[in-house]
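Taking it in order: structure first as structure tokens, then the write-up.
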Amino acid sequence: MITVGFVALLIATLAFWQHGMEATFRKRNENSQRVRRWKRNTILAVLGWLGYITLLSTSNILTDMESPLRIPVLVLLPITGFLTYFFLSNKFKVFVMYFPKPMTVYGQTLRIAVELLIYGSYVQGVIPAHATFEGYNLSILIGITAPVVGCMAYISKTMSTQTLVGWNILGLGLLAVETFVFMTTLICPELCGLEHTFAPQFGTMPYLLLLSVFIPSAAFMHMVSIAQTLIPARRKIQRQYA
């Protein structure tokens, strides 16, 4: 049953980004040739990444919990490198600035499903309780508050820029804590008062989707939202004092 949940959330996450990309191109009024190239490259990148994660899963290279650094090196390091490259490269500024702003907030509701899947993984004995919302993982709060924040920021427009940025920073902070708890449990469970780390299944699909797709996707939404909020605000201040 939990596998069905992971697959459903993966489809929902991919559909979210697909819809956002389509809306970005419509807003930008890009020519059809460039749109086709973007779509092709995006599809190839996504399929390549999912294929890579699936290969790691089927090879069982990550199921050896006696070698815990494999997951950070083979999963977290590449995705962190991509996010860093994305936001430092000028080639992607158009995507960041024209991506629908409300989607970066409302999309965080997917984190409710992520945290429920993490809890389901705990029930199945794959993940320790302290890595769920019963422990130190409070990321579900961002998913719960996302609809309210979205309405205040983009419908009633009663939320200030500073508050929206603060909410996004809080979301990134909770993701950092979540990742830290996962990595501490994986590498040195004794620090968490545990005798054992994750079950070997954590290094296989569908559980690998947590660190390879769902958590990075949430972080990416926060980063895009912060960039979209701060850049126009900075330009406004520059015009005022020019």
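Is it the case that L55 is in a helix (DSSP H, G or I), in contact with a helix residue (DSSP H, G or I) (Cβ under 7 Å, 6 or more places away or on another chain) and at pLDDT 95 or above?
So L55 does not fit the description; no.
Return yes or no: is G120 within 18 Å of A12 (Cβ to Cβ), over 18 Å from the mean Cα position of the chain (by Cα) and not acidic (D, E)? Here the answer is yes, as G120 does meet what is asked.
For Q201, the conditions (1) of a type in the set (S, T, N, Q); (2) touching a residue at least 24 places away in the same chain (Cβ under 8 Å); (3) touching a helix residue (DSSP H, G or I) at 6+ places or on another chain (Cβ under 7 Å) all hold with the exception of (3).
In segment 1-49, what residues are among the aromatic types (F, W, Y) and within 25 Å of I118 (Cα to Cα)?
Answer for segment 1-49, where residues must be among the aromatic types (F, W, Y) and within 25 Å of I118 (Cα to Cα): F6, F16, W17, W49.
Considered as a group, the residues in segment 68-94 that are farther than 22 Å from A227 by Cα and among the β-branched types (V, I, T) include one that is surrounded by the most Cβ atoms within 10 Å (Cβ to Cβ), and that residue is I71.
For segment 58-113, a tally of residues being touching a Ser or Thr at 6+ places or on another chain (Cβ under 7 Å), at pLDDT below 90 and among the aliphatic types (A, V, I, L, M) returns 1.
Got a sec? Which helices (runs of 4 or more DSSP H) wholly within segment 72-188 have at least 2 residues that are touching a residue at least 40 places away in the same chain (Cβ under 8 Å) and under 19 Å from F214 (Cα atoms)? Even if it seems obvious, please write down each step before you answer.
Numbers: elements: 77-88, 93-98, 101-106, 110-123, 140-154, 161-187.
Counting at least 2 such residues, we get 77-88, 101-106, 110-123, 140-154, 161-187.
Of all residue pairs spaced 6 or more apart or on separate chains, those with beta-carbon atoms under 7 Å, a first member in segment 1-23 that is in a helix (DSSP H, G or I) and a second member that is buried (at least 17 other Cβ atoms within 10 Å of the Cβ) and β-branched (V, I, T) are L9/V114; L10/V213; T13/V213.
Quick check, is V148 closer than 20 Å to L76 by Cα and not aromatic (F, W, Y)? No; evaluated as a whole, the condition is false for this residue.
Of all residues in segment 47-64, those satisfying the criterion of being within 22 Å of A199 (Cβ to Cβ) and either among the small types (G, A, S) or buried (at least 16 other Cβ atoms within 10 Å of the Cβ) (or both) are I53, L56, S57, S59, L62, T63. Would you say L191 is surrounded by fewer than 18 Cβ atoms within 10 Å (Cβ to Cβ), assigned to a helix (DSSP H, G or I) and either in contact (Cβ under 8 Å) with a residue 60 or more places away in the chain or not polar (S, T, N, Q) (or both)? In short, yes. Looking across segment 207-226, just one residue is within 11 Å of L172 (Cβ to Cβ) and hydroxyl-bearing (S, T, Y), and that is S225.
The values are calculated or read from the model by the stated rules, or taken from the named source; none is laboratory data. No experiment lies behind these values; they were computed from the predicted model shown. Counting neighbours? That spans all protein chains shown, and the Cβs are built from the backbone with ideal geometry, glycine included.
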